[in-house]
Amino acid sequence: MKTTPFTDLHIALGAKMHEFAGYNMPIEYPTGITNEHLTVRQGVGVFDVSHMGEFWVKGPHALAFLQKVTSNNVAALTVGKVQYACFPNGKGGIVDDLLVYYYDIEKYLLVVNASNIEKDWQWCVQNNTEGAELENASDWMAQLAVQGPKATEMLQKLTAVNLSEIPYYAFKTGDFAGVKEVILSNTGYTGAGGFELYFYPEHATQIWNALFEVGASYNLKPIGLGARDTLRLEKGYCLYGNDIDDTTSPIEAGLGWITKFVPGKNLIDRALLEEQKNAGTSRRLVRFELTERGIPRHGYTLTNRAGDSIGHVSSGCMIPGTKTGIGMGYVLSNYAKPGSEIAVQIRNNAIKAVVVK
């Protein structure tokens, strides 16, 4: 398995380690997923996300290339802003979802999912008929996500960059914890607020130690991938491989808001996706809450109240704290409206649920 610059630290802290996307990653620490989830919701926690992929896209043809391969309108970005997008796969599905950073004039940074680094890289290379300059920098970048309502206050103690002046989905580059050229990005995958930090791997220990030194008074804790999943699911964020993949279109996945058809945008799958957006799709990705006790799991059947199959669960869990079973899944479009009553088949029992926003 691959390692991150923090792997030995996770092991020393007693983390339960497991393979994820080819990396030896912490799933949870001795305090457990429930404690970690609530720490991020109520205070501040730090995630090692150095396994994520990063590609530089540079040169005079960078914008034309990105307008073709990514779903959102990259031309709308200004320097210092971030955009959520996906790669349409040419068959109506999704290669991956990603973040696009407008780093400088003719210079963009793409942040992709760890499990799709090689797949995404090959997709970009194969579709680079514009002649953009591409660089796979995944092995030369480390990343920590510091998330929670106290994250900004805590992080401010380690940088002169005014973090409160960085809007949501924007970033600045500056000194952090004595390290130069750290990307400070007001983004995250928890819905709890906070920043994602990008830096060279050789500075990993210095930044980690600085975080936990100032974080002592904030009860800062390391957070594993288990709580990362429950946090993103509670917020309703998609997970590639579960909620979106090569067989799901961004329109049926509810990602029409990141799929733009502006004039001059030569988007892969544009005609098909535009038709879906105008005509609708036969199924939709929804969020739902169980109204009875139970835990929905990936692959479970979703039914209407008459017991007819209407779809399947793509992600599900019991939320720490509230102990409410929640999930995401694809259902026939006539059941996608919030308030629709559905059921999850759990061990031959129809557990009642309701579609929510």
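Over the C-alpha trace of the chain, radius of gyration and Dmax come out as 20.6, 62 angstrom. Relative contact order of the stretch 53-139, taken over Cα pairs closer than 8 Å and 6 or more residues apart, is 42 percent.
Using the Karplus equation 6.51 cos²θ - 1.76 cosθ + 1.60 (θ = phi - 60°), what ³J(HN,Hα) coupling, rounded to whole Hz, does each residue of the stretch 183-199 give in order, writing x for Gly and Pro? Ordered by residue, 3J(HN,Hα) equals 7, 10, 10, 7, 9, x, 10, 10, x, 9, x, x, 10, 10, 10, 10, 7 Hz.
Starting with the fewest neighbours, write out Tyr101, Tyr240 ranked by other beta-carbon atoms found within 10 Å of each beta-carbon.
Working: Tyr101 26, Tyr240 20.
Going from sparsest to densest Cβ surroundings: Tyr240, Tyr101.
All distinct Cα pairs of the stretch 140-197 go into the 1/r average, and the inverse of that average, the Kirkwood radius, is 11.3 Å.
What do you get for chymotrypsin sites (Phe, Trp or Tyr not before Pro) in the stretch 146-232 restricted to DSSP loop and a cutoff of at most 10 other Cβ within 10 Å of the site's Cβ? Walk me through the numbers before you get to the answer.
Values: sites: Tyr168, Tyr169, Phe171, Phe176, Tyr189, Phe195, Tyr198, Phe199, Trp208, Phe212, Tyr218; in loops: Tyr168, Tyr169, Tyr189.
Answer by residue number: Tyr168.
Only alpha carbons enter this Debye calculation for the stretch 282-357, each as an equal point scatterer, and the log10 of I(q)/I(0) it gives at q = 0.12, 0.13, 0.18, 0.26 Å⁻¹ is -0.25, -0.29, -0.56, -1.23.
Set the bar at 29 Å for Cα to Cα. Now go through Lys107/Lys337; Lys81/Lys277; Lys16/Lys172; Lys157/Lys260; Lys16/Lys81; Lys2/Lys265 and name every pair that lies beyond it. Long pairs (Cα-Cα over 29 Å): Lys107/Lys337; Lys16/Lys172; Lys157/Lys260; Lys16/Lys81; Lys2/Lys265.
Its Cα centre serving as origin, the stretch 282-357 has a Cβ charge dipole (Lys and Arg +1, Asp and Glu -1) of approximately 120 debye.
Quote the convex hull volume per residue of the stretch 204-357, based on C-alpha atoms, as a whole number of Å³.
Values: hull volume 25.7 nm³, N = 154.
Spread over its residues, the Cα hull of the stretch 204-357 gives 167 Å³ apiece.
Pairs of Cα atoms in the stretch 12-153 fall into 10 Å distance bins, from 0 up to the last occupied one, in shares of 11, 35, 30, 19, 6, 0 percent.
Where a number appears in this text, it was derived from the coordinates with a stated rule and is not lab data. Since we're looking at a predicted model, the values are computed, not measured. Because the Cβ atoms are built from the backbone with ideal geometry, glycine has one as well, and the counts that use them run over all protein chains shown.
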